[in-house]
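Just below is one structure, and these are the notes that go with it.
No lab work stands behind these numbers, since they all come straight from the coordinates. Bear in mind the structure is a predicted one, so any value in this text is a computation, not a measurement. Note: ideal-geometry Cβ built from the backbone for every residue, glycine included; neighbour counts use all protein chains shown.
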Amino acid sequence: GWQEMLSVIADHQRPLVIAVNAREADGFDTSWLWDVRFELLRGRHVIASGERATDLAVRLRYAGVAHELQPDPVAAVASTTGAEPEVIANYTAFRALTQLGAQ
């Protein structure tokens, strides 16, 4: 799923927030990050976020993707200027963002 999503948005120019958690519903193991071709995001404004933002940032660095680190997904979205950002998140990170947006 992640690979397909990245393929769809790779050419977009809007800022991108990627949020990854590792709770029970997500699976505690984030080694799957190494199976995703984040290299497709080179040249995009990317913000690594979520409870496992540091793990994601390491993967992005190895992929050659310039990025910022902002563990709080709400703050990450708020920090983007200009165009509204695109957000890709795993289950619990996305759920938390939608719950906060409803408040």
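Taking all pairs of different Cα atoms in the range 42-92, averaging 1/r and flipping that mean, what Kirkwood radius in angstroms comes out?
11.3 Å
Run lengths n ≥ 4 of DSSP H only: what is the helix-derived mean residue ellipticity at 222 nm for the chain, with -39500 (n - 2.57) per run over all residues, to the nearest 500? Mind dumping the intermediate values first?
Values: 4 runs with 38 residues, N = 103.
Taken over the chain, the calculation gives -10500 deg cm²/dmol.
For the pair Tyr62 and Arg23, what calculated FRET efficiency results from E = 1/(1 + (r/R0)^6), where r is the Cβ-Cβ distance and R0 = 22 Å, to the nearest 0.05?
Numbers: r = 24 Å, r/R0 = 1.10.
Once the sixth-power term is evaluated, E becomes 0.35.
Report relative contact order for the range 1-95 in percent, whole number only (criteria: Cα-Cα under 8 Å, sequence separation at least 6). Please list the in-between numbers first.
Working: 167 pairs, mean separation 35.4, N = 95.
Result for the range 1-95 is 37 percent.
Below 10 angstrom from the Cβ of Ala66, what's the summed charge of the other residues (Lys, Arg +1; Asp, Glu -1)?
+2
Placing +1 on the Cβ of each Lys and Arg and -1 on the Cβ of each Asp and Glu in the range 1-78, which of Leu16, His45, Pro71 has its Cα farthest towards the positive end of the resulting dipole?
His45
Going out from 0 in 10 Å bins, what whole percent of all Cα-Cα distances in the chain drops into each bin?
Bins of 10 Å from zero give 16, 53, 29, 2 percent of pairs.
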